[in-house]
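Q: Just dropping this structure here.
Nothing in this text is a laboratory measurement; each read-out follows from the coordinates by a stated rule. Nothing here was measured: the structure is a model prediction, and the numbers come from that model. Cβ atoms come from the backbone with ideal geometry, glycine included; neighbour counts cover every protein chain shown.
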Amino acid sequence: MFNLNFQKRTGDMVDILSIISADLTKLQAARWAHEHAIDMIAKSVARCEILKQTPDGITTDDDYYVLNIQPNANENGFYFWYQVVKRLLKEQECLIIPLSGSLYIADSYSVTQEAMKPRRYSSITLEVAGQTKQIYRTFKADEIIHIRYSNEKIREYTKALLSQYDAVIDTVQSYYKTAHSSKFISRINAPGSIPGQSVKLIDRETGKVLTKEDYAQKLAADLAADKLSVITMNDGRNLEQLKIDSGGVTADQLQKLIESAEHAAAMAYDIPLNVFSGTITEKGQSDANYATYALMPVIDAIDSELNAKMVGREDFLAGERLITWTGNFSQKNLADSAAGLEKLRGIGFTLDECRQAVGWTQLGTDFSTKRALTKNFTTEEDT
């Protein structure tokens with residue numbers, strides 16, 4: 001077997017197949033880590049509830065139903081927002097089209113580039129539950145929901161990931177050209193010849209003595225011929241085809257590649273490494289960091305656009321808000337939360353509000369909606 005080696009500038013010999021194997025494994029690990037990071041954030045945001053707050057409190061109306069339960073006839077709330085966030089993280093933007101009281105994700109569109117006037121969106125193709133639909137209508141900027149999320153770290157990370165693809169492709173192409181052009185060894189003084197004796201290279205057709213270079217060219221021409229033929233060899237010569245051996249990656253190398261890929265993806269998406277890899281020991285602080293640095297920037301981008309387009313200036317200034325509530329993106333341990341919930345109850349939170357804080361459904365009873373204050377707290381006027 002033959003190892004296809006190249007010499008590095010350091011003088012060390014490296015096997016190109018080992019390089020390709022390591023690069024492909026590294027690329028696969030990086031791709032998995034990239035998709036895992038996006039999947040984590042998309043699932044977490046999709047689990048969050050979008051609340052509609054008015055001066056009279058939290059309300060559930062048609063907007064609440066469309067945003068949380070069924071944005072359109074073929075997609076539920078979780079699936080819809082999961083797709084929105086995935087697109088937002090991969091493309092740094094996501095266009096949502098409101099149509100007849102429903103919401104749809106735009107797969108492609110054309111947009112004008114005015115700086116001071118509202119832009120217009122046309123040639124829109126919707127993506128609904130894996131299917132596409134062309135709509136022939138032009139929308140103004142205030143009629144659509146265009147969520148933008150600019151993150152330089154993610155852009156640089158994605159750029160570096162794509163450069164890895166290019167590097168691996170170039171290496172594979174170089175190997176393919178080499179591996180698919182047959183290589184042979186022509187041995188002088190092969191078995192049957194006298195060691196040390198010079199072997200004459202004679203052209204069997206003409207009887208002329210050939211140089212080594214002429215003989216090698218003649219063999220190459222015979223080997224490259226399209227027709228099946230018999231290649232005759234001079235006495236004392238032997239022809240062997242080179243075979244290329246394959247390289248591999250050890251288990252230790254694989255583990256290091258995976259850890260390196262996880263670290264790069266976690267850093268790019270601001271996910272605590274122990275959360276990303278599932279090695280959490282102190283869940284409370286890790287979840288808080290995850291929500292603060294990985295989720296909230298995405299949620300802020302969504303909330304800002306929803307309030308601008310679905311609430312509007314007048315109602316927003318009057319106190320109406322659409323708020324993505326992150327309290328239930330992760331599972332809560334009730335026993336661990338009991339002390340904190342007791343304090344919230346003592347400073348005026350209702351039982352329903354405390355239940356909502358840990359992801360439980362509200363009861364809606366007279367008792368659960370009443371506020372209770374401990375004697376340790378009172379107003380300034382009562383002191």
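Q: List every residue whose amide H lies under 5 Å from the amide H of ARG119, counting only residues 5 or more places away in sequence or on a different chain, with H placed 1.01 Å from N in the peptide plane.
A: ALA141
Q: Which whole-Hz ³J(HN,Hα) couplings does segment 55-72 yield from phi under the Karplus relation 6.51 cos²θ - 1.76 cosθ + 1.60, θ = phi - 60°, glycine and proline marked x?
A: Per-residue couplings from phi come out as x, 8, x, 6, 10, 10, 10, 4, 4, 4, 5, 5, 6, 10, 9, 8, x, 8 Hz.
Q: Could you list ASP142, ASP366 in order of exposure, starting from the residue whose Cβ has the fewest other Cβ atoms within 10 Å?
A: In increasing order of surrounding Cβ atoms, one gets ASP366, ASP142.
Q: So what J values fall out for segment 151-159 if you push phi through Karplus, 6.51 cos²θ - 1.76 cosθ + 1.60 with θ = phi - 60°, rounded to Hz, Gly and Pro as x?
A: Values per residue, Gly and Pro as x: 9, 5, 5, 5, 4, 5, 5, 5, 4 Hz.
Q: Residue-wise, which Karplus ³J(HN,Hα) couplings in Hz belong to segment 262-269, taking 6.51 cos²θ - 1.76 cosθ + 1.60, θ = phi - 60°, and x for glycine or proline?
A: Whole-Hz 3J(HN,Hα) from phi for segment 262-269: 5, 5, 5, 5, 4, 5, 5, 9.
Q: For TYR104, which sequence-distant residues (separation of 5 or more, or a different chain) have an amide H within less than 5 Å of its own amide H, given hydrogens modelled in the peptide plane?
A: Those lying under 5 Å, H to H, from TYR104 are ILE97, LEU99.
Q: To two decimal places, what compactness ratio does segment 96-141 give when its Cα radius of gyration is scaled by 2.2 N^0.38 Å?
A: Against the compact-globule rule of thumb, the ratio is 1.19.
Q: Could you please report the charge total around GLY57, scoring K, R as +1 and D, E as -1 over all other residues with beta-carbon less than 13 angstrom from its beta-carbon?
A: -2
Q: Counting only residues 5 or more places away or on other chains, whose amide H sits under 5 Å from the amide H of TYR149 once H atoms are built in the peptide plane?
A: GLU93
Q: Something else now. Which of VAL85, VAL275 comes first, and how do the rest follow, when ranked by fewest Cβ neighbours within 10 Å?
A: Working: VAL85 26, VAL275 18.
Ordered from fewest to most neighbouring Cβ atoms within 10 Å, VAL85, VAL275 come out as VAL275, VAL85.
Q: Cα convex hull of segment 52-131: how many Å³ per residue?
A: 139 Å³
Q: Okay, moving on. Of LYS117/LYS140; LYS90/LYS153; LYS117/LYS153; LYS86/LYS153, which pairs sit farther than 21 Å apart, going by alpha carbon to alpha carbon?
A: LYS117/LYS153
Q: What is the sum of charges around ILE69, taking Lys and Arg as +1, Asp and Glu as -1, for the other residues whose C-beta is under 15 Å from the C-beta of ILE69?
A: Numbers: positive: ARG47, LYS52; negative: GLU49, ASP61, ASP62, ASP63, GLU75.
Taking every other residue near ILE69 into account, the sum is -3.
Q: In the neighborhood of THR125, defined by Cβ-to-Cβ distances under 9 Å, what is the net charge if each Lys or Arg adds +1 and each Asp or Glu adds -1?
A: -1
Q: Quick one: order GLU93, GLU152, GLU305 by neighbouring beta-carbon count within 10 Å, fewest to most.
A: Working: GLU93 13, GLU152 7, GLU305 19.
Ascending number of Cβ neighbours within 10 Å: GLU152, GLU93, GLU305.
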